[in-house]
Structures are given as structure tokens and as C-alpha cells.
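Participant: One structure follows; several queries about it will come next.
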Amino acid sequence: MADITRMGVVGAGQMGAGIAQLAAVNGVDVWLYDLDSEALTKAHKSISNNIQRLLTKGQISQATSVDAVKRLRCSSRLEDLHSVDIVVEAIVESEQVKKSLFANLDKIVKSSAILASNTSSISITRLASATCRPSQVIGMHFMNPPPIMKLVEIIRGADTSEDTYCATKCLAERFGKTVICSQDYSGFIVNRILMPMINEAFHTLYTGVATKEDIDTGMKLGTNHPMGPLELADFIGLDVCLSIMKVLQAGLGDDKYAPCPLLVQYVDAGKLGKKRGVGVYDYRDGAAKIGGSPRL
């Protein structure tokens, strides 16, 4: 497969914008798609500011910064992705929504294009079943935030070809990432381990074993984690954590993955974490800061 020179990113949220930034800074023409024009405007501004910050810090040259901005295009028309070599979707963590998107993309993009999902837990094989190109469907799971985190988790579906895997791995390495490869089992590698730990932290809080501050401090200082599990859950999004736990429970058929009732309650109450201003901790008016000393 030829080198990837054109990339589509679907979803202009934090993940999608971060992936689009990586592509543009590393010399790939990128089309960032979202139906929400306000989300696209916000993403474009964020990416431009981040590129300027990289320039100010001396991490990229003036020529690279100018070139990166020129390579970024925003669109609310999915058809504008027709000529790309790869599409990475970074939309809501819902199998049905992702399948619907892949079915539509399958009809729009060129026959040689790769369809990649940034899913953190959903079966790549099942997503591929919505297309006529299962050998060109793959998981490309970036960590949050994509420009900073060094890891990309690549997931091969049952029919993912060696060419598709190699092209995707080369792209991730071009972005400066370390690649790990997972077989297509629920949760893959990172979330198969991480999410049960976060869920157990919620159980520890739910049953009154300790305060949220002591749970997070214990894991930060006792196991050298940079962020406690409850603080990390707020950063990821409690709704995302809940969705992944449900996928683990259904996919692996074990009740040990059942979401903690307290996690469910937070999500039901709309307390989704930092993105909503309140989760386990309260972030409104700067009440708590990631990496600081969180408090209510």
C-alpha cells in the first residue's frame, strides 16, 4: 500500500481535533468532519492555537507551523472525504452509531482506503461487518490527549489484512507514537486493565472504604500513578467509563465487570467529569484541577 498522504477524521471533539492536529503537523493533508459547525470552529481554533504554542516552545519550525495550518480543512460534508487514504473515526462510543458511519463511508471513500476506528473497546470485527471491505478495517486507538500521549493501540479484526496493519502502524510511527497491537477482544489491552481498576475505585468510594481524595492519593503515591483513578475517570468522562464497562461485561460474559452503581448514578445525574464541570470532583470556577489537589 502506498504511503498515506490524505487523511479524514470524523468527529471534531477533543480526540478528533487532537488526531487531526497530529496529521497536519506531520505533513498529512487532513479533512476534519463534523455535522456541528460550532464544533468545527472550536476545533480549528484549538488546533491553530496548539500549533502556535508548539512554535513558541521551539518544538516545530515556522515553516512546519505554516504548512500544518494549510493542510487542515474542516467540513460538514462527509462526501469531502472521498479522496482520502484513511479515515479515523472519533465519534460517540456506540457500536450502532459507528457501524452506521462505516456503512456510509464505505460508499463514499475510494476502494483502497482504510477505515480506522478510535474505539477504546468495541469489536473491530463487528464494525467491519457493516462494510464491504473488512480487510481494510482496523482499530487505531489514540490515548487522550492524542498530541501528548505516546501510545497508539492498534487492533486487528478477524479479517484485517497485513497491508492494512502495516500502513496503519507506519502512520502511527510517523506521528511519533509507540505502537502496541491487540487482538480483537473486548477492551483490548489498555482498557481491559484500566477500566476495572477505575470501577474498583468507585466501589471503594461507594462502600465507604475511603474518601475520594485518599483513594486517589493512595494510588498516586503508593503505585506512582501520575493521576488517581477517580481523577482519571473524570478526565476520560464518566459516561465513557460506563460505556466501556458495559462492553467488557457483555463481551467477556463475566459479572466482575458489572459497572459500580455509584458510577451509573453519576452518569444518570449528568455528572460526566471535567468536560461537564462536575464529576467525582467539582471543576466549576476552578474548584479542582487535574493534577492538583481535587476537592468538592
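Participant: Please go through the stretch 45-97 and give me each residue that is in a loop (DSSP other than H, G, I, E, B), among the hydrophobic types (A, V, I, L, M, F, W, C) and open to solvent by 40 Å² or more (accessible area, probe 1.4 Å), ordered by number.
Facilitator: Those that are in a loop (DSSP other than H, G, I, E, B), among the hydrophobic types (A, V, I, L, M, F, W, C) and open to solvent by 40 Å² or more (accessible area, probe 1.4 Å): Ile91, Val92.
Participant: Assess whether Ile114 counts as being farther than 18 Å from Pro146 by Cα, open to solvent by less than 60 Å² (accessible area, probe 1.4 Å) and at pLDDT 95 or above.
Facilitator: Values: farther than 18 Å from Pro146 by Cα: yes; open to solvent by less than 60 Å² (accessible area, probe 1.4 Å): yes; at pLDDT 95 or above: yes.
The answer is yes for Ile114.
Participant: Residues in the stretch 221-228: is at least one closer than 15 Å to His141 by Cα and of a type outside the set (Ser, Thr, Tyr)?
Facilitator: No: the stretch 221-228 contains no residue that is closer than 15 Å to His141 by Cα and of a type outside the set (Ser, Thr, Tyr).
Participant: Which pairs have Cβ atoms under 6 Å, sit 6 or more apart or on different chains, and link a residue in the stretch 152-166 that is of a type in the set (Ser, Thr, Tyr) to one that is modelled with pLDDT of 95 or more?
Facilitator: Partner pairs satisfying both residue conditions: Thr160/Ile138; Ser161/Ser135; Thr164/Ile114; Thr164/Gln136; Thr164/Ile138; Tyr165/Arg156.
Participant: Now for a different question. Which one of Gly176, Gly187 is surrounded by fewer than 18 Cβ atoms within 10 Å (Cβ to Cβ) and under 17 Å from the mean Cα position of the chain (by Cα)?
Facilitator: Gly176
Participant: OK, next. For the stretch 1-44, name all the residues that are open to solvent by 70 Å² or more (accessible area, probe 1.4 Å) and under 17 Å from Glu173 (Cβ atoms).
Facilitator: Matches in the stretch 1-44: Met1, Ala2, Asp3, Thr5.
Participant: Given (1) at pLDDT below 95; (2) in contact with a Lys or Arg (Cβ under 6 Å, 6 or more places away or on another chain), where does Asn26 come up short, assuming only one miss?
Facilitator: (1)
Participant: Mind listing whichever residues of the stretch 242-271 are within 18 Å of Asp282 (Cβ to Cβ) and buried (at least 21 other Cβ atoms within 10 Å of the Cβ)?
Facilitator: Leu263, Tyr266 - these are the residues of the stretch 242-271 that are within 18 Å of Asp282 (Cβ to Cβ) and buried (at least 21 other Cβ atoms within 10 Å of the Cβ).
Conditions tested, residue by residue: (1) of a type in the set (S, T, N, Q); (2) in a helix (DSSP H, G or I); (3) open to solvent by less than 50 Å² (accessible area, probe 1.4 Å).
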{"site": "Thr168", "(1), (2), (3)": "yes, yes, yes"}
{"site": "Cys181", "(1), (2), (3)": "no, no, no"}
{"site": "Leu205", "(1), (2), (3)": "no, yes, yes"}
{"site": "Val209", "(1), (2), (3)": "no, no, no"}
{"site": "Leu232", "(1), (2), (3)": "no, yes, yes"}
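The values are calculated or read from the model by the stated rules, or taken from the named source; none is laboratory data. Keep in mind it's a predicted model, so treat the numbers as computed, not measured. Cβ sites come from the backbone with ideal geometry, for glycine too, and all protein chains shown count toward neighbours. Side chains included, ligands, DNA and RNA excluded: accessible areas come from the protein's heavy atoms. Shrake-Rupley method; radii C 1.70, N 1.55, O 1.52, S 1.80 Å.
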